[in-house]
Amino acid sequence: MAFGLPCMNYFNHRSAELYAEDVAVRDLVRDLGTPLYIYSARTLRRHFRVMREAFRDTEVLVCFAMKALSNLSVLKLFADLGSGFDIVSGGELMRCMRAGADPRKIVFSGVGKTDEEIEAALRAGILMINAESRPELGRISAVAGRLGIQAPVSLRVNPDLDPGTHPHISTGHRDSKFGIPLAEVDHYYAEARTLPNLELVGLSTHIGSQITELAPFNEAADKVASIVKRLRANGIALKYLDLGGGLGIPYQEEPPPPSAYAHTLTGPLRDSGLKLIIEPGRVLVGNAGILVTRVLYVKETDAKRFIVIDGAMNDLIRPVLYEAYHEIRPVVARDGARILTADVVGPVCESGDFFARERDLPEVQSGDLLAVMSAGAYGFVMASNYNSRPRPAEVIVSGSNYLVVRERDTFEDIVRNEKLLAIPPGPDA
Ligand SMILES: *Cc1c(COP(=O)(O)O)cnc(C)c1O
């Protein structure tokens, strides 16, 4: 595939066998078992560079939206490339600091920050807090007042548009819980200016995720550009314009390349004098990761064929949560295999526990390995212990080496914080 397209990655079949960079997936599974998340360091680095390169004519800070993939070693890889981070919780701030991130490259998004999270972020000295409501502005000012500092704040505006993506990952419509209403932006800035411990440094927006057209980005950039101009005319000069994340990856669709995305975002902002911030998540990590599972059974009923695998919705919830499509490939291609239609399902006791429905796949047998492609974003981070299943291990491949960056959960991990107590008899006993 052409250089510059976000679909480029380093998971490829060499003759019959799937490789992660120069390591055979089968070898990783032999050492580490299944289900297994495998990330390619070369792909992660490449995507970061392509994104930064796309904005080369603009002063830009790339803040990786780490909720997409927050393993400490992945964060360190990005921090070492000079990446900033978009965080959405105190826990994510903790991860960033542990991974050695530069706090002056951290922005803090989210609609419900607690006092403790605000205080931790201010103490760490992050670049700015993206505030989303009037009461939040008051809270930030109060916390900053207690600390005796000025809190750097940006207001997240809801640009009221439809990014044409799945409703669960659409955030820029006026009915959504995110951001402050477009029509009230000027009021908010005027009010925020009167609060004693705020420094108004920016304006931010984020319209949704897995967006595969440029028009919504263009509309958002246009809208915020005109707000910035108006604010400046009213004596509020900002430093940063944060246009969020949301660029899609080719699960099945064909998203625009980062270069076109960059062109769309920067056009309306030319000569604004603002430093641009972007918060890409999925596009940096989505196809840099795969989830490898093993076929347990092929089950045929009179209605359907089911491929039952050892991975499940607790390992990757995207198919049921977002009706997401993930390509599924046999790790070792069988010569002359018939193509059969099947549902690929996990062992969890929910009808929603499927990875694919009515999918045409080469015929597989019990024991075969299947790779769920493009599972790097919103994959492991959403994994749970539902059905008391251990969460998978995570491994990063780099060239012909690999590093286990998270061990598979043990049964002990699953019950770590639980207590086995005899509950005293109550009044009815
Ligand atoms: C989730 C999120 C992002 C990243 O979105 P992607 O679609 O993964 O690029 C960026 N900014 C904010 C505020 C977010 O909530």
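Just so you know, all these numbers are worked out from the coordinates, no wet-lab data involved. Here the structure is a predicted model, which is why all the values come from computation and not from measurement. Backbone-built Cβ (ideal geometry, glycine too); neighbour counts: all protein chains shown.
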Inset, instruction - Could you go through the range 129-134 in sequence order and give the Karplus-derived ³J(HN,Hα) for each residue, using 6.51 cos²θ - 1.76 cosθ + 1.60 with θ = phi - 60°, rounded to whole Hz, and x for Gly and Pro? - result: 9, 8, 7, 10, 7, 4
Legend entry - Pairwise centroid distance, computed over Cα atoms, of the range 80-112 with the range 332-376, Å: 36 Å
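What is the order of VAL285, VAL143, VAL404, fewest Cβ neighbours within 10 Å to most? Don't skip to the answer; put the middle values down first.
Numbers: VAL285 31, VAL143 24, VAL404 15.
Ranked by crowding around the Cβ, least crowded first: VAL404, VAL143, VAL285.
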Inset, instruction - Could you list TYR37, TYR188, TYR19 in order of exposure, starting from the residue whose Cβ has the fewest other Cβ atoms within 10 Å? - result: TYR188, TYR19, TYR37
Inset, instruction - Using only C-alpha positions, report the orientation-averaged shadow area of the convex hull of the range 41-283, nm², one decimal. - result: 11.9 nm²
Inset, instruction - Taking amide H positions as placed in the peptide plane 1.01 Å from N, state which residues far from ALA131 in sequence (5 or more) or on other chains have amide H under 5 Å from it. - result: SER154, LEU155, ARG156
Legend entry - Amide H contacts of ALA375 (H built 1.01 Å from N, under 5 Å, at least 5 apart or other chain): GLY289, ILE290, LEU291
Legend entry - Theoretical FRET efficiency, 1/(1+(r/R0)^6), r = Cβ-Cβ of MET97 and ASP27, R0 30 Å, to 0.05: 0.30
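Mind checking the range 324-418 for trypsin sites (Lys or Arg not before Pro) that DSSP puts in a loop (not H, G, I, E or B) and that have at most 10 other Cβ atoms within 10 Å?
Working: sites: ARG334, ARG338, ARG357, ARG359, ARG406, ARG408, ARG416; in loops: ARG334, ARG338, ARG408, ARG416.
Qualifying residues, ordered by number: ARG338, ARG416.
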Legend entry - Cα-centred dipole magnitude for the chain, charges only on beta-carbon of K, R (+1) and D, E (-1), debye, nearest 20: 1000 debye
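Any of LYS76/LYS105; LYS229/LYS275; LYS113/LYS239; LYS76/LYS275; LYS177/LYS275 with alpha carbons more than 18 Å apart? Name them for me. Before the final figure, lay out each step's value.
Values: LYS76/LYS105 14 Å; LYS229/LYS275 14 Å; LYS113/LYS239 23 Å; LYS76/LYS275 24 Å; LYS177/LYS275 27 Å.
Correct reply: LYS113/LYS239; LYS76/LYS275; LYS177/LYS275.
Starting from the range 126-228, pick out the trypsin sites (Lys or Arg not before Pro) whose DSSP state is loop and whose Cβ has at most 15 other Cβ atoms within 10 Å.
Numbers: sites: ARG139, ARG146, ARG156, ARG174, LYS177, ARG193, LYS223; in loops: ARG174, LYS177.
Sparse-neighbourhood loop trypsin sites (Lys or Arg not before Pro): ARG174, LYS177.
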Legend entry - In sequence order, calculated HN-Hα J values of the range 298-306 (Karplus, 6.51, -1.76, 1.60; Hz; x Gly/Pro): 10, 10, 10, 10, 5, 9, 7, 10, 10
Legend entry - Two-decimal log10 I(q)/I(0) for the chain, as the Debye equation yields it once each C-alpha is a single scatterer, q = 0.09, 0.13 Å⁻¹: -0.61, -1.12
Inset, instruction - For ASP242, list long-range residues whose amide hydrogen, built 1.01 Å from N in the peptide plane, is under 5 Å from its own amide hydrogen. - result: LEU203, SER204, THR205, ILE277
Legend entry - Sparsely packed GluC sites (Glu not before Pro) within the range 321-429, loop by DSSP, other Cβ within 10 Å at most 16: GLU323, GLU327, GLU350, GLU363, GLU407, GLU418
Inset, instruction - Output the antiparallel fraction of DSSP beta bridges having both residues in the chain, as a percent to the nearest 5. - result: 50 percent
Legend entry - Under the Karplus curve 6.51 cos²θ - 1.76 cosθ + 1.60, θ = phi - 60°, whole-Hz ³J(HN,Hα) for the range 57-70, x wherever Gly or Pro sits: 8, 10, 6, 10, 10, 8, 10, 4, 6, 5, 4, 5, 6, 10
Legend entry - GNM result for the chain, Cα springs below 10 Å: residue of ASP242, ASP175, ASP335 fluctuating most strongly: ASP335
Legend entry - R0 of 41 Å, Cβ-Cβ distance ARG146-ARG357: FRET efficiency to nearest 0.05: 0.15
Legend entry - Virtual spin-label span in nm between CYS349 and ARG230, 7 Å along Cα→Cβ: 5.6 nm
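Return the FRET efficiency for the residue pair ASP57, LYS177: r is the Cβ-Cβ distance, R0 is 45 Å, and the value is rounded to the nearest 0.05. All intermediate terms of the calculation are to be shown ahead of the outcome.
On the way: r = 35 Å, r/R0 = 0.78.
It comes out at approximately 0.80.
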Inset, instruction - Could you work out how far apart the two model spin labels at ASN417 and ASP115 are, taking each label as a point 7 Å from the Cα in the direction of the beta carbon, and quote it in nm? - result: 2.2 nm
